[in-house]
Structures are given as structure tokens and as C-alpha cells.
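To start, the structure under review is shown below, and the notes come after it.
The values are calculated or read from the model by the stated rules, or taken from the named source; none is laboratory data. In this text the structure is predicted, and so the values were computed from the model without any measurement. Glycine also receives a Cβ, built like all others from the backbone with ideal geometry; neighbour counts cover every protein chain displayed. Keep in mind that these areas ignore ligands, DNA and RNA; they rest on the heavy atoms of the full protein, side chains included. Shrake-Rupley method; radii C 1.70, N 1.55, O 1.52, S 1.80 Å.
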Amino acid sequence: MEIVAVVALLALLEYIVFAALVGRARGLYQVAAPAVTGHPVFERYFRVQQNTLELLVVFLPSLWLFGHYLSPTWAALLGAVFLLGRVLYLRGYVADPKRREIGFGLSVLPILVLLLGGLWGALRAAL
Amino acid sequence: MEIVAVVALLALLEYIVFAALVGRARGLYQVAAPAVTGHPVFERYFRVQQNTLELLVVFLPSLWLFGHYLSPTWAALLGAVFLLGRVLYLRGYVADPKRREIGFGLSVLPILVLLLGGLWGALRAAL
Amino acid sequence: MEIVAVVALLALLEYIVFAALVGRARGLYQVAAPAVTGHPVFERYFRVQQNTLELLVVFLPSLWLFGHYLSPTWAALLGAVFLLGRVLYLRGYVADPKRREIGFGLSVLPILVLLLGGLWGALRAAL
């Protein structure tokens with residue numbers, strides 16, 4: 001499971017970079033806390049971070065349980081697709097909110113496989 | 001702990017359904033990204049998803065540690081109450097924000113029992 | 001790892017207190033759901049809770065994996081710094097958003113140590 005732990009921690013590192021980009025955008029576009037609106041480009045960075053947060057809550061437990069019940073190697077490979085999908089999501093969304101679709105798909109698809117695979121593995125072990 | 005894993009993954013599946021309902025509401029009520037306000041019914045679906053995210057971060061570790069230190073069966077039963085509470089919360093909130101109270105209580109109560117029970121179990125094992 | 005579990009659950013308890021303070025501020029400053037803006041002091045409490053949510057998603061897995069691969073005792077000590085940092089962050093932010101910096105640093109620094117330490121430990125175990 002070490003390789004699964006490495007992928008999980010890399011996903012958290014990627015998320016911290018996204019959060020730092022929001023902090024930088026707050027300064028660049030002069031959006032003073034506690035506001036989270038006020039400049040469209042700031043809002044894009046903010047939504048990328050929020051969306052990544054929303055997905056990490058599903059990604060991390062699903063990654064872990066898929067790795068535990070089915071295969072650590074496949075869990076890590078699917079996790080690597082998620083890491084890449086998030087980079088494409090960030091780049092697409094900041095360029096134009098309509099261009100976030102491919103990165104979104106490449107983030108959500110591996111999560112669905114990890115979640116449903118983990119559920120199948122846990123059910124098989126429980127019954 | 002397989003039954004605890006199943007309940008955890010079902011909670012994540014339920015959350016994904018809530019997130020998909022936000023996406024659908026975005027289209028129906030024409031709230032273009034990155035905005036998250038603009039139509040009251042969209043905002044209700046969005047707040048249901050956000051509130052579920054806020055609770056899942058407490059629910060999942062508490063469920064796991066309660067199951068580990070006290071009882072997997074009771075953890076799974078309390079988790080099932082949470083799953084039901086979230087459905088009632090969604091239905092109440094979308095109908096009228098003031099009618100979200102029962103579903104909220106049925107989501108938060110099992111979390112508090114899981115959290116405090118897990119804390120007691122971990123303290124007992126530590127001392 | 002019992003001591004790590006205790007710190008993790010105390011962090012969740014602290015977060016629930018922050019969430020309850022948002023609920024109280026909603027009543028005090030008359031911000032009716034689903035709105036999350038409308039009064040600056042309400043918004044500060046809300047942002048404290050949201051920021052804590054954003055950090056917990058990184059804190060909890062990093063705490064756990066640092067404890068697993070390196071040292072449960074050091075994980076628990078770094079976690080205690082995070083717990084304290086969050087209290088300072090709350091007090092500073094509510095008084096004046098510009099005074100949230102010290103508490104923010106004391107929350108983020110232990111997380112970075114836990115994350116990078118955990119990553120190093122997992123890589124060392126994997127190779």
C-alpha cells in the first residue's frame with residue numbers, strides 16, 4: 001500500500017499548490033478576505049480549488065479501499081490519471097470556464113472506477 | 001470492517017448524486033460557472049452539496065475509528081442513519097430552507113455519537 | 001496509533017465547534033439560509049469554518065501517514081500545534097481579517113511537515 005500512500009500524498013501536494021494559486025490570485029486581482037468574489041479570474045482559481053476539495057473527499061477513501069480490496073497498483077495508476085486530470089482542469093478553467101470539461105472528465109472517471117471498484121471489493125469481502 | 005467500508009462508500013456515492021444534482025440545477029436555472037449564486041433553487045442544491053461535504057469530512061474518520069475501537073456493526077448502523085438523514089435534508093431544503101431541520105438533526109446526531117464514541121474508544125485504548 | 005486517533009478526533013471536534021459558531025452567527029447577524037454573505041462578521045466565521053475544512057482534508061491523511069511511516073508521537077505533537085493554530089486563526093480572523101496570519105502559519109506549517117514527512121516515509125518504504 002506504500003504506492004497508494006505516495007499517490008494520496010501527491011494529490012494533497014497538488015491541492016496545496018492550487019490553494020497557493022488562490023492566495024496569489026487574491027493579491028493579483030485585489031480580492032480582500034473574506035470576499036470570494038469580485039474578479040472573474042480570481043473566481044476561476046477559487047472554484048478550481050473548491051472543486052478539487054469536493055473531489056478529494058471522494059478520491060482519497062475510494063483510492064484507499066480500492067487499493068485494499070482489489071489492487072494497490074491499479075489504484076495508484078487510476079490515481080495518477082486523477083492527478084493529471086486536475087492539471088488539465090486547472091489550465092482549462094483558468095483559460096475559459098467552458099474549457100474545463102476534459103480535465104473534469106479525467107478527474108471524475110478515475111474516481112468513479114475507484115469508488116465502484118472499492119464498493120464491489122468490500123461487498124465481496126463482506127458476503 | 002468490510003461493512004464499515006461499504007457504508008463509507010455508499011455515503012460517497014450519495015454525495016456524488018448530490019453533486020450531479022447541482023450540475024443539473026446549474027443547467028436548469030442557467031447559473032453559468034464560476035458563479036454559485038443567481039437562482040434560489042440552484043443555491044439550495046449547492047448548499048446541500050456543500051453541507052454534505054462539510055459533514056463527510058467528520059463522518060468518514062469518525063465512522064472508521066468508532067468501528068475500529070468500539071463496534072463495526074454499530075458504526076454501520078449509525079452510518080445508515082446518516083445516509084437517510086441526508087436524503088431528508090435534501091428533500092426538505094429544496095422544498096423550503098426552513099424545512100431542513102429534521103434531516104439536519106438526523107445527519108448530525110449519528111456523527112456526534114460516532115465522533116464521541118470513537119474518541120472514548122481511542123482514549124481507552126491509549127491509556 | 002491511538003494517540004494519533006485521539007488528535008484526529010479532537011481536530012474534528014474543534015471543527016464542529018467552528019461550524020456551530022457559524023450557525024450562531026447566522027442567527028445573530030440575521031443571514032438566512034441559503035445565503036452565505038450579507039454581514040461581514042458572519043462571513044468571517046463562515047470563512048474560518050471553510051478554511052478549516054480545506055485544511056482538514058490535507059491534515060487528516062497526512063497526520064495518519066506520518067504517524068504510520070515515521071512516528072506516532074511526533075505526528076500527535078505536530079497535530080497539537082495545528083489544533084492551537086486554528087484557535088489563533090479563529091480569534092485573529094474574527095477580530096480583523098488582516099490578523100489571521102499568525103494562526104494561519106501555525107496551521108499550515110505543521111501540515112506541510114506532516115505531508116512532506118509522510119511522503120518521504122512512504123517513498124522510503126516503497127523503494
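Tabulated values for the structure
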| quantity | calculated |
| --- | --- |
| Dimensionless Rg/Rh of chain C - Kirkwood Rh, Rg from C-alpha atoms | 1.06 |
| Inter-copy spacing of C:TRP120 label points, which lie 7 Å from Cα along Cα→Cβ, given in nm from shortest upward | 4.0, 4.0 |
| In Å², nearest 10: area of B:HIS68 left accessible to a 1.4 Å probe | 120 |
| Cut-off 14 Å, label 7 Å out along Cα→Cβ of B:LEU109, residues of region B:61-95 by amide N | B:78-86, B:88-89 |
| Listed residues A:ILE111, C:ILE16, C:ILE3 arranged by accessible area, highest first, probe 1.4 Å | C:ILE3, C:ILE16, A:ILE111 |
| Degrees separating the helix A:40-69 axis from the principal Cα axis of chain A, which is the longest one | 10 |
| In Å², nearest 10: area of B:LEU28 left accessible to a 1.4 Å probe | 110 |
| Other copies of B:VAL17: label-to-label distances in nm, shortest first, labels 7 Å along the beta-carbon direction | 3.6, 3.6 |
| Inter-copy spacing of A:LYS98 label points, which lie 7 Å from Cα along Cα→Cβ, given in nm from shortest upward | 4.2, 4.2 |
| Axis-proximal residue, chain B, for the rotation superposing B on A (Cβ, Å) | B:VAL57, 4 |
| 0 to 90° range, to nearest 10: angle between helix C:2-28 axis and chain C longest Cα axis | 10 |
| Rel. contact order, % - alpha carbon contacts under 8 angstrom, at least six apart, chain A | 27 |
| Probe 1.4 Å, accessible area per residue of the protein assembly as shown, Å² | 43 |
| Calculated from backbone phi, Karplus (6.51, -1.76, 1.60) coupling profile of region A:111-124 in Hz, x at Gly/Pro | 5, 5, 5, 5, 5, 5, x, x, 5, 4, x, 5, 5, 4 |
| Rounded to 10°, Cα long-axis angle of helix C:72-95 versus longest principal axis of chain C | 20 |
| For region C:69-86 versus region B:53-108, the gap between their alpha-carbon centres in whole angstrom | 28 |
| Cα gyration tensor category, rounded, prolate or oblate, for the protein assembly as shown with a/c compared to 1.5 | rounded |
| Point-to-point label distance, C:ARG24-B:VAL17, nm (Cα→Cβ direction, 7 Å offset) | 3.6 |
| Accessible area, probe 1.4 Å, largest first, for residues C:GLU14, C:GLU2, B:GLU101 | B:GLU101, C:GLU2, C:GLU14 |
| Positive dipole terminus of the protein assembly as shown, leading residue within B:ALA76, C:GLY23, C:LEU63 (C-beta point charges) | C:GLY23 |
